[in-house]
Amino acid sequence: MMNPRLRFAEELVTGDIGKEIFALATKIFPICRSITGNGVRQTLSQIGTHVALDTYEVPTGTKVFDWTIPREWNIRDAYIKDSRGEKVVDFTRSNLHVVSYSVPVHKHVPLAELSQHVHTLPGQPDLIPYRTSYYVENWGFCMPHRQFQQLREETYLVLIDSSLEDGYLTYGEYLHKG
């Protein structure tokens, strides 16, 4: 019986690999992942159903050449709500809406303060930028510039339900013999 983890390699010869790859990409794209955390482990687990992937974990604080493994970041939810309680930014709609490695926050802020924590691309006003804050403890959101310009002068509720704590950097390794 064939190792089920090698099924993907067999389909290179017998199946439609383009559809398989697209299906896998569709499955893993929505997973929020950064350089550490549960999203990375979920992604590697999905890839591991297709190839014989070995995973390893390196603890926070480990020196790797000129780099130190950062703390592990995990996120459960994030949003900005206006004064009517409507979400103007919602992490569940796009994981790009939150700055990767944002520290937890749950507070009401006026637009002026919120503006200091919102990233946009004025030159590409319909796109959501991708931002990270690996080594500086901060929080932030990303949104299309056009949407940001429509925010009214009011108080907003911001929530980032995340954790930043000692953990591991998880990586996968696959050896293709040939």
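Using only the Cα atoms of the chain, what semi-axes does the equivalent ellipsoid have when each is the square root of 5 times a gyration tensor eigenvalue? Give whole Å, largest first.
For the chain, the ellipsoid semi-axes come out as 36, 21, 13 Å.
Mind giving me the nanometre distance, one decimal, between the label points for TYR174 and HIS119, set 7 Å out from Cα along Cα→Cβ?
In this crude label model, TYR174 to HIS119 measures out at 2.9 nm.
Among the lysines, which fall within straight-line cross-link reach of LYS81, defined as a Cα-Cα distance under 24 Å, with same-chain neighbours fewer than 8 residues apart omitted?
LYS107
Please give me the summed charge of the neighbours of ILE80: other residues whose Cβ is under 14 Å from its Cβ, Lys and Arg +1, Asp and Glu -1.
Cβ neighbours under 14 Å give a net charge of -1.
If you take the beta carbon distance between ASP16 and VAL51 as r and set R0 to 25 Å, what does 1/(1 + (r/R0)^6) give as a FRET efficiency, to the nearest 0.05?
0.90
Taking the beta-carbon count within 10 Å as an exposure proxy, list ARG76, ARG84, ARG33 from fewest neighbours to most.
If I rank by nearby Cβ atoms, fewest first, I get ARG84, ARG76, ARG33.
Of ASP77, ASP54, ASP66, which is the most mobile in a GNM of the chain whose springs link Cα atoms less than 10 angstrom apart?
ASP66
Past 30 Å, Cα to Cα: identify those pairs from LYS27/LYS87; LYS19/LYS177; LYS27/LYS177, in the order given.
Where the Cα-Cα span goes over 30 Å, no listed pair is concerned, since all stay within it.
Taking the chain as a Gaussian network, where each spring joins two C-alpha atoms under 10 Å apart, which residue of ASN138, ASN38, ASN95 fluctuates the most?
Of the options given, ASN138 has the highest mean-square fluctuation.
For segment 72-171, which chymotrypsin sites (Phe, Trp or Tyr not before Pro) are both in a DSSP coil and crowded by at most 15 other Cβ atoms within 10 Å?
Loop-located and lightly packed - TYR130, TYR134, TYR135.
Here, each number is a calculation from the coordinates, and none is a lab measurement. Quick caveat, the model's predicted, so the values are computed rather than measured. When we count neighbours, we look across all protein chains shown, and the Cβ atoms used for this are built from the backbone with ideal geometry, even at glycine.
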